[in-house]
Structures are given as structure tokens and as C-alpha cells.
1. Mind grabbing the accessible area of residue 340 for me, 1.4 Å probe, Å², rounded to tens?
2. Would you mind working out the accessible area per residue for the range 274-558, using a 1.4 Å probe, and quoting it in Å²?
3. With r as the distance between the Cβ atoms of residue 241 and residue 538 and R0 = 35 Å, compute the FRET efficiency 1/(1 + (r/R0)^6) and round to 0.05.
4. At a Förster distance of 45 Å, what's the computed FRET efficiency of residue 294 paired with residue 255, Cβ-Cβ distance as r, to 0.05?
5. How large a share of the accessible area of the range 205-258, in percent, is made up of carbon and sulfur atoms when the probe is 1.4 Å and the other protein chains stay in place?
6. Between residue 531 and residue 217, what length in nm is gained on full extension when 0.36 nm per residue of separation is reduced by their alpha carbon distance?
7. When averaged across all projection directions, what area in nm² does the alpha-carbon convex hull of the range 274-558 cover?
8. Let's test the formula: R0 of 22 Å, r as the Cβ-Cβ distance of residue 524 and residue 202. What FRET efficiency results, to the nearest 0.05?
Amino acid sequence: MEKDDIDKDTIRVSHSTGTYSDIKVSPEISGLVQKAMEFFDGGFVRKTSTTLQRAAGRPTEDQALWAAIRDRTNAISFERYAEFIDRVLCDSKDRGRATCPTELCSDFTGATISSLGPPPTAGSIGSPSVTERHDELLARPGIYGVEAYQLLKLATQAFLLFESGVVVEGTRHPNTGRFVVPTPSGFRDRECDDTVPVEKARGNPVTFGAIQGELENYLQATVGNVSGRALPYLKRIVSALPSLNSRTVDESEGSPFCNNILQHRLSCPSLLELIWSYWHEEGMLVQTMNAIALRFQNKKRHAQDPLANLALDPLRPLNNLFWGFIQDEPNRLSIQRRCYEYDNQYGITLVGKAVPILDSADSRSQFIKAFHNLLYRTAMFYREDDDTTVTADAFSLLNALREVHIILAEGAHNQFGDLPWTARHEMLVMQWILARPEMKEFLRGRYSVPYQETWMGAVDDMKRLQDWTDVTITHFHELGTYGEQILLSIRYGDWIAANDQEQARNWARDWRPEIQRYMHAYHAVSGVDLTSETVDTRTAEARYAQPSLLLQKRLATQQPRNRVTGPIQRLANTRRTAYASLTNKMANRLRIDRK
């Protein structure tokens, strides 16, 4: 019987004798025979394959928040910052708009509308503004003093203000600052029906209009008696404040001299974490700048100073900018203030001669244990989730997320509002100075090493000159970048109200690249594998130990020629907060020479 022998109500059957018979059948029988003929081909069964697939997940509303976190943390990266400084202070061609007030797609698929009128420009921020200071500086008969550095500092603050908010906007044109999408020939203005490049690369081809619609639905939800566009977690805080009557977000914000919420702190928060600054400081970014500043002032660090040949001629811009950097030292955060806040938010601190024994009033002593337990449980979830014969349980993951969320919330007080933001713009300026062409004449890094950002080679060069840690700055940078994104998704998610394991399952799957990169970088830096089983007391102690202690242990064992000094002092609050100590008489290890 061939395929052509099948009619709607008749089947022709061929016999071995060469004859045939016509059989009347119902349409249902005819359809079944047709499917059978499609399965067989010339008397042979067609080639088939059978595979097991992972159980499909159910979308949750907070996935749009995670896309916004990735978008905003990428927007304040160093490369975007360097492009911004070139546009505003070199070319004066910045035509981009600020992300707050938010500009949305009117129907989430078509044209755009502005929700709160024309947004400010980068040059208009400040009083006098960035543009006014820039024009006045260039109109002078000579450029001396600290004005050039102060202008760079103001422009850096404007950059962070310009990119704040819970939005998904994509990338800016390097020369104009307008939001664009890449094309084979360059860039074109972004439209609402364009696919978000970052999400497309992650296997989620969603358009800007669609992701903005999902994000608005998440942010517009009423929590308690507070309505309007804001994160549900922040609305929950506002509704609990006894000094404020619950109202809309727009009515809650206003002047810092009135009884209300600070302007834009609720509707357009800056999505950044202090852990970014911590890991870059552990990577010796600040110490590199301090060493150069001492040499600039003709101060000798060692008998044989490795920076003896560092000389910045007065005709080039970096000379004057570094003068302003040194003169502004009283206005920058001290290492002591940063350490106190590291301890307050994450229960971690630094080790070094410049770090005094802290007497903290409050410390998140359980953060390391809770966060590393979350990462370990996430690694276990990945193993189960990759096994297509089982459905991975995510309730333990959800409980771990709630625990870290609560610990982070307990530390979000006092200096939390301004210190992370201040530390970020100070370290961005440091990175920009280290990436200058004048600096590369002395600290250029190794040309064959593929650094992610242009300032990194100078830090690695300084570490080799000073006999500091031999771990590349790349790993510390990844710890800061991915650690920030992971913690932001935990801090600002409404995890306290979550009771659906699908949210935890989606969180683990959505952040898998960042979580795995973070765990790898932590292992490369500290030698501790967060994915392994804790089979004995020693591995448990190492997993929950202070990162600075693990770095110190590695420095003490890497090379005899490393210059370390003096016996180690007890870390701040070690006895009071019951930090886990390391074995092998860690208290007798030498400490890093951190100045």
C-alpha cells in the first residue's frame, strides 16, 4: 500500500498476486492509516530519537527586575564611564538623556512618551554646572590648582546620577550618548520593538517594549497603602515608617528639608553595592593609587623604591589632575570609614597596617555564612536541575535567599544611603587616572594579557613591583562586578513575601552565569571551593572565614620574597561576632603591608 492509495473513504490494498482490493473505511480510520504511512517509509521505520528535557519553568514577575539590574550595572561600568567623560569633557557632544524621569513605550510596542517632561542633560548637573565649569576652565589664561580635578569629580557624580533608576534602556552611542542598538554597520537609534541585546545573548529574545511592560507591572503593584512606580521592597519600608502617612510614590518624595522621602531615592534608586568597592580594594586598586601619590610627593616607601622612575611632566594633563587628587584627600573616604561600613553591611573588613582595630557598633557577622551557604545550595540545585530524570527542589534555595535578604536589610541603615555611592565615584576616578596614556608609560601591564578594562594592567604591574599578591586583578574585578549583581537581586527583590519556589528556581537559572563566574573567581582568589561538600571542620572553617584572612594566608605562602611585616592583629570584632578562624595557627600569620 502506497500513500497515493489512500482516499478520504477508500483504502486500496495491494496483494502479492498483483491484484488489489478497495476497502471502504471511515474518515477517522483513514486518518490513522495516513499517520501510519508517514511513520513508515518504504517498509522501514524512519529514524527517530528520544531525549529527556528539563521541566519547563513558569515565569515570575521579578524576572523583569533582574533584567533591569543587569542593564543598570552594565551602564555604570568603567568603559561606559570613560565614554561619558570623553563626550562631556573632551568633545562636548553628549546629547543623551538621563534615565530618570523614566521614558516608556506608550503601548510597549510602538512610539515613546515622556512621563515627567524633558529630562536633564549631563552638562546641566551641578551649580555651577558641568558645562559652565568646563567653559570657564578652558577660558582661563592658564590651568593650575585643583579646578580640573574638581570638574572630573563633578562629572563622575553626574554620570552616576545620569544612569540611576530601575529601567531597561540598553547601551548608549559612544559619541552622542543617545540610546542605540548595534547594527552590522555601526549603531542606530533604539526603538521599542528592538530586541534587548544583553537578554538575547542569554537566550531570552525579549524586546525593549515587552520588558518595559513587564517591569512596569512589577513596579506599579501596590504594597500596603503605598502605590506608584517603585520597588515593592522599598514600598514595604515606606509603609512601615511611622513618621509618614502612606501615600503614592510621587507624593512621598520631595525636599530634604521636609517630612518626606528624599527626591528620587524611592522612585529612582542607584543600583550599586558596596561589595564592588570591597573587592576592588582587596585587588589593590586603592593601594596602587596611594603608592603613586606618595611617589608624586617625593616620598620614599622602601630603600630601593620600585617607582623611582615614575615622573609625570607638568605639560601633560595627568600632572595637574594628580595634583588635584592629592589635594582633595581630606574630602575622600578614609580606609577606616570604608572598613567600618564593610563590617556593617557584610561583616567583612580589610587587613593591613593602615587598618586599625575596629570597634564596630553593629556587624553582619552571619552574612558570609548565609551568602556562601546560598551559593553552595545554588550549586547543588544546578546539579539536580541538569539531571533531566528529576525535578530539582528549590524550597531550600528560597529559604536561603530569604535569609540573605533579611541580613542585607539589617545593614541598610545610616551610611548605606551615601557611602557606597561616594566610594563608587571615587574609585571610578582612580580607574580613569590609571587608564590615562601618561600612566601607561610607567605602568602598562603585559601586552599579551587580555584585560577586560584598560586600567587593570597598571594595577597588576604595581603588584609585581611591590611584591603584593600574584592573583590578577581580573578575578577581583569579577568578584566585585558579579557579586554586586547577585546581591542587588537579593537585596531589592521582595523575598520576604515570596512563598513560591518557582521564584527561587527562576532566580538560580537566570543568574547562573554570574553565580558560576563569582564562585570560580572566589576559588581563584582564596583557594576555597564554594561548590564542594564540607566533609570536615577545616573545610567548613575556610568556607566561612573572612576573605581577607584567606588572602593573607595565600600571600604568606606564595613566595618567600613577598614583603610582609609584623604579627597579624585580630580582625575587628572577631571575638564578639564569632568569626570562624582558620586552622594552621592563622593568628600567627604575617599580614599584608597595606598602606
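1. Number for this one is 70 Å².
2. Solvent-accessible surface per residue comes out at 38 Å².
3. The pair residue 538/residue 241 has a calculated efficiency of 0.15.
4. Computed FRET efficiency for residue 294 and residue 255: 0.55.
5. Accessible surface attributable to carbon and sulfur in the range 205-258 totals 54 percent.
6. 109.5 nm
7. With every direction weighted equally, the projected area is 17.1 nm².
8. For R0 = 22 Å, the calculated efficiency reads 0.40.
The values are calculated or read from the model by the stated rules, or taken from the named source; none is laboratory data. Computed from a prediction, not measured in an experiment: that's the story for all the values here. Neighbour counts are summed over all protein chains in view; Cβ atoms, including those assigned to glycine, are modelled from backbone coordinates with ideal geometry. Surface accessibility is based on the protein's heavy atoms, side chains included, excluding ligands, DNA and RNA. Shrake-Rupley method; radii C 1.70, N 1.55, O 1.52, S 1.80 Å.
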